[in-house]
Amino acid sequence: MSKIIVQGMAQGTVLKTTSPINFLGAVDKKTGTIRDEKYDIFKKSIKDTILVFPHGIGSSVGAYTIYSLKSNNSAPVAMICTKADLTVASGCALANIPMIVVSNEEFNSIQDGNKITVDTKSENIFN
Amino acid sequence: MELTSEEKAALNGEHGDTLQTAYRILVATGEATNAEKLIPITWAHLSGVNYNTIGDAGEQFLRELSKDARVKVKATVNPMGIDFDHISEFNHIDDEFIKKQASIRDSYIRMGVEPTFSCTPYDIFDLPEKNTQVSFAESNAAIFANSLGGLKTNKESAFSALASAITGKSPYSDLRKDNISTPMTIRMKMDNPSELDFGMLGFFAGKVGDTSVNISGVSQPNRRSCKALCGGMGTSGTCAKFQFVDTEDTTSEKVDFGKEEMNEVFDELNTAEKGDIITLGSPQLGLEELSDLSKMLKGKSFEKRCMIFCSRAVQEQARTLDYINEIERAGGEILSDCCTCLTPLIDTNETDAITTNSIKGAYYLKNSTGVDVNLKPLAKIIEDETK
């Protein structure tokens, strides 16, 4: 069962991590590159991806990081989480990045590297 | 989420762009936290003030927003990147940073916030009566408010707290209700824990806990330790509340925090044998901590640079009470309106590693400022680094 947090439509390649993301500490807001070596997606860029991760953690200012990524054209085109937190939800709301919350089963079924579409107006929100 | 007709009108843009943006944020965060409605709040504490954290996009956003937006309730703000009173002593900071930081400061002031520039609003103001609904971004302050201050807040984001300040409302999420589900108890197994140990406990609890955790095996930690616990917890997870419990219930999951768990956190965040400089105050130091520090420094002097961060309001009180004299005599540099986290006052061209007692500070020094960290409790810092 999916839940829409921020509406929109986007197509892109999945970048998936099982680590919760601290946007302020771990993501370079200019380039979208993950700069914390403890992440399994270290050195990868979240730019133009459909970013699939459990949820955000840490600093409340991470919302500005998401807004900055969008302003610098380095943001994901959509985000999919298993739990919505206020930092990611509000960052996506202001930056107009479609965001949905999915069940653990759906999360597990999404494959890293696949091309998928997120469309909050469609019956199947992602496919 | 159910909105009143007034709220719906604002969301549809009938009351202008500013309120539409604010309500869009409140609705998204309300959906995210399964809130059924919006409720009034009386105090918002905003994060997103340091130019290093919000960047050009944030500076422009606030400049535009502040042309029209005004806060509707009491609003306080987080630290900036620099202390304008001391900026001439830090030659490495470029004019661009100073200009952008001043613009951010002025935007917040234009919106009507109280210029506290502090991550410890609970050290500056008397807290309102128990169960008052507030909206605190700044994770350590939200955790402090919920766990020790008797207040109710979400672990707000920079934007959700800003939207709350402008509208006077916030989603009625689980954390705002009574009887918050607390499915885990963390058993503190360390004897005589220092504030550094409490910071590590917080970091661990934030990682393993969900929204709220019980902590057993702890007896009346002092304020320094409580703040360290809130700071550590806010850094590592989504956990927004803890309660100390004397006796363990039978239903919650039990997780031990002993030597092994502590070493794991220590090894993750301690990356240097020694520091080139010392920083104290993440969260910023309160009056009680400055009083303690001045006593601990009696007859001693720092052998290296020591930057000490506290809010301006606390600094002024501490000067009146004569705590600052002793600290400055010992070579401590008192800085206000900014804090260890992401301050450009630390010159990374000249600094490879920093000694601190703060877990929160350590995380951001390493991951954002890009320096190594040497972690020690305050007592050990004073033993090793003064003569």
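Counting heavy atoms of the protein chains only and a 1.4 Å probe, report the per residue accessible area for region A:12-113 as a whole number of Å². Each step should come with its number before you reach the end.
Working: 3290 Å² over 102 residues.
It amounts to 32 Å² per residue over region A:12-113.
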| Considering only the protein assembly as shown, what is the antiparallel percent among its DSSP beta bridges, to the nearest 5? | 25 percent
| request: For B:LYS274, go through the lysines and keep the ones whose alpha-carbon is under 16 Å away, minus same-chain ones fewer than eight residues off. | output: B:LYS304, B:LYS366, B:LYS376, B:LYS380
| query | Among the DSSP beta bridges whose two residues both lie in chain B, what percent are antiparallel, rounded to the nearest 5? | reply | 10 percent
| remark: Given Cβ charges of +1 for Lys and Arg and -1 for Asp and Glu, the option among B:HIS92, B:TYR363, B:VAL77 whose Cα lies farthest towards the positive end of the dipole of chain B is B:VAL77
| request: Under a 10 Å cutoff between Cα atoms, tell me which one of B:THR33, B:THR251, B:THR351 has the largest fluctuation in the Gaussian network model of chain B. | output: B:THR251
| said: I'd like the GluC sites (Glu not before Pro) in region A:22-127 restricted to DSSP loop residues with at most 12 other Cβ atoms within 10 Å, sorted by number. | reply: A:GLU37, A:GLU123
| Lys/Arg Cβ at +1, Asp/Glu Cβ at -1, dipole of the protein assembly as shown taken about the Cα centre: which of A:ASN127, B:ASN214, B:GLY286 is farthest positive-ward? | A:ASN127
| note | Ordered by number, the residues of region B:158-172 with at least 20 Å² less accessible area in the assembly than alone (1.4 Å probe) are B:ALA158, B:PHE159
| note | Expressed as a whole number, the average count of other chain Cβ atoms within 10 Å around the Cβ atoms of B:373-385 is 0
| said: Students often forget the sequence filter, so: which aspartates and glutamates lie under 20 Å Cα-Cα from B:LYS99 once same-chain residues fewer than 8 apart are removed? | reply: B:ASP56, B:GLU59, B:GLU64, B:ASP83, B:ASP85, B:GLU89, B:ASP337, B:ASP347
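Take every residue in peptide B:30-39, count the Cβ atoms of other chains within 10 Å of its Cβ, and give the average of those counts. Mind showing how you got there, number by number?
Values: counts 3, 9, 17, 5, 2, 0, 0, 0, 0, 0.
Neighbouring Cβ atoms belonging to other protein chains average 4 per residue here.
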| query | When only C-alpha pairs under 8 Å and at least 6 residues apart count, what is the relative contact order of region B:5-176, in percent? | reply | 34 percent
| note | Of all DSSP beta bridges having both residues in region A:17-127, the percent classed as antiparallel (nearest 5) is 30 percent
| query | Looking only at other chains, what is the average number of their beta-carbon atoms within 10 angstrom of each beta-carbon in A:94-102? | reply | 2
| For chain B, what is the charge dipole size about the Cα centre, in debye to the nearest 20, if Lys and Arg each add +1 at the Cβ and Asp and Glu each add -1 at the Cβ? | 720 debye
| query | If one computes the Cα centroid of region B:312-368 and of region B:27-71, what distance in Å separates the two points? | reply | 27 Å
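Counting only protein heavy atoms and rolling a 1.4 Å probe, how much accessible area do B and A lose on contact, total for both sides, in Å² to 100? Can you show the working numbers first?
Working: alone 16340 and 6620 Å², together 19970 Å².
Chains B and A together bury approximately 3000 Å².
Where the accessible area of the protein assembly as shown is counted over protein heavy atoms with a 1.4 Å probe, how much of it, in %, is carbon and sulfur? Intermediate results must be reported in sequence, preceding the final value.
Working: 8850 of 19970 Å².
Ligands and nucleic acids excluded, carbon and sulfur reach 44 percent.
Can you tell me the dipole magnitude for the protein assembly as shown around its Cα centre, using point charges on the Cβ only (Lys, Arg +1; Asp, Glu -1), in Debye to the nearest 20?
Numbers: 54 positive and 70 negative charges, 149 e Å.
Here the size comes out at about 720 debye.
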| said: Per q in 0.06 Å⁻¹, report the Debye log10 I(q)/I(0) for the protein assembly as shown, using one uniform scatterer on each alpha carbon and no solvent. | reply: -0.25
| Where the centre of each part is set by its Cα atoms, how far does region B:82-108 sit from region B:1-24, in angstrom? | 35 Å
| remark: For region B:5-176, the charge dipole (Cβ of Lys, Arg +1; Cβ of Asp, Glu -1; about the Cα centre) points to a positive end, and the Cα of B:ILE54, B:TYR108, B:LEU175 closest to that extreme belongs to B:LEU175
| query | When the Cα centres of region A:94-116 and region B:231-293 are compared, how far apart do they sit, in Å? | reply | 33 Å
| Computed helical MRE - 222 nm, chain B, DSSP H runs ≥ 4 contributing -39500 (n - 2.57), nearest 500 | -12000 deg cm²/dmol
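Accessible area per residue, 1.4 Å probe, Å², for region B:184-267: what's the number? Each step should come with its number before you reach the end.
Numbers: 3510 Å² over 84 residues.
Per residue, region B:184-267 has 42 Å² of solvent-accessible surface.
In whole percent, what relative contact order does region B:233-387 give with Cα contacts below 8 Å and a gap of six or more residues? Walk me through the numbers before you get to the answer.
Values: 234 pairs, mean separation 44.7, N = 155.
Normalised by residue count, the contact order of region B:233-387 is 29 percent.
What is the dipole size for region B:184-267, taken about its Cα centre, with +1 at each Lys and Arg Cβ and -1 at each Asp and Glu Cβ, in debye to the nearest 20? Please report the intermediate quantities before stating the final value.
Working: 9 positive and 13 negative charges, 73 e Å.
Result for region B:184-267 is approximately 340 debye, rounded to the nearest 20.
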| task | Report, ordered by chain and residue number, the aspartates and glutamates lying within cross-link reach of B:LYS300, taken as a straight Cα distance under 15 Å and ignoring same-chain residues fewer than 8 apart. | result | B:ASP292, B:GLU326, B:GLU328, B:GLU333, B:GLU383, B:ASP384, B:GLU385
| remark: For chain B, averaging the sequence separation of alpha carbon pairs under 8 Å that lie six or more residues apart and dividing by its residue count, the contact order in percent is 17 percent
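The values are calculated or read from the model by the stated rules, or taken from the named source; none is laboratory data. Keep in mind the model is a prediction, meaning the values are calculated, not measured. No Cβ is skipped: glycine too gets one built from the backbone with ideal geometry, and neighbour counts run over all protein chains shown. The accessibility values were calculated without ligands, DNA or RNA, using every heavy atom of the protein model including side chains. Shrake-Rupley method; radii C 1.70, N 1.55, O 1.52, S 1.80 Å.
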